[in-house]
Amino acid sequence: FAYMAFLIASIMMLLVYQQAYGSLSVYLRDIHNVDPQGFGFLMTSSAITVVLFQFSVSRWLRDRAPFLMMAFGTLFYMVGFTMFGIVSVYPLFVTAIVVITIGEMIVVPVSQGLAANFAPEDMRGRYMAVFGLSWAIPQTIGPSAAGYILDNFNPNLLWYLGGALCALSAFSYYILHLRLHKQERFVHKVEEQTASA
């Protein structure tokens, strides 16, 4: 049950995260007249943020409770994606992407460690394969769902719904923290994996 709850929370979060690499470019082009070069600079800003801060963030994560860090990183997603529905000037779009990237630097290494640590030693491959579905499902349904919203409703609604999904996901991770944080498998091993990420 706990692993399924973790997967569902991850799917909700990743449904939103995937929009950064799909519907966001269309939204910025059609609603805010951001050309492809401008969107490219947003992605460059994200890459620069990772290069400058990933190792520092990984070291900072080392002694932190992993489910709390998942909730914390997802809150960065909530803020960053919601900003796209609120702001309308390019420098704030860059700010939103940097906020999202900070969340990504927290969520990605910690989520991989947690998925591995849910599994018994002899079933780790199977658990990781199922964890891969939490990425595949959003990639499958996310673009069409986002396109439907952009075509039929206020485009900003996409980002408000994204913020709400991230808030629900962060709350789910917090509940998992309350239930599981005392289990050794979710402490030392995750620390080691995030430290080496």
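The values are calculated or read from the model by the stated rules, or taken from the named source; none is laboratory data. It should be emphasised that the depicted structure is a prediction, and the values quoted were computed from it without experimental measurement. Please note: Cβ atoms are built from the backbone with ideal geometry, for glycine as well, and neighbour counts cover all protein chains shown. For the accessible areas, the whole protein counts, side chains as well, though only heavy atoms, and no ligand, DNA or RNA atoms are used. Shrake-Rupley method; radii C 1.70, N 1.55, O 1.52, S 1.80 Å.
Heavy-atom accessible area with a 1.4 Å probe sorts Ile8, Ile137, largest first, into Ile8, Ile137.
For the chain, the relative contact order is 41 percent, taking Cα pairs closer than 8 Å that sit 6 or more residues apart in sequence and dividing their mean separation by the residue count.
With a Förster radius of 25 Å applied to the C-beta separation of Ile137 and Ile86, the computed FRET efficiency comes to 0.35. Considering only Val110, Val79, Thr49, the residue lying farthest towards the positive end of the dipole of the chain is Val110, judged by Cα position with unit charges set on Cβ. The Trp60 and Lys182 beta-carbon pair, evaluated with R₀ = 35 Å, returns a calculated FRET efficiency of approximately 0.95. Highest average first, the peptides 98-105, 118-125 ordered by how many other beta carbon atoms sit within 10 Å of their residues are 98-105, 118-125. Of the residues Tyr127, Tyr27, the one with the largest accessible area comes first in the ranking Tyr127, Tyr27, computed with a 1.4 Å probe on protein heavy atoms. Diffusion coefficient (Stokes-Einstein, Kirkwood radius over C-alpha pairs, 4 °C, 1.567 mPa s) for the range 96-156: 93 µm²/s, rounded to a whole number.
Of all the options Trp135, Trp60, Trp159, the one that moves most in a Gaussian network model of the chain with Cα springs shorter than 10 angstrom is Trp60.
Computed log10 I(q)/I(0) for the chain at 0.12, 0.14, 0.16 Å⁻¹: -0.59, -0.79, -1.00, from the Debye equation with unit scatterers placed on every C-alpha and solvent omitted.
Anything in the chain that counts as a DSSP H helix reaching 15 Å or more along its axis (C-alpha) with Kyte-Doolittle mean of at least 1.0? List them, would you?
2-17, 66-84, 90-118, 156-180
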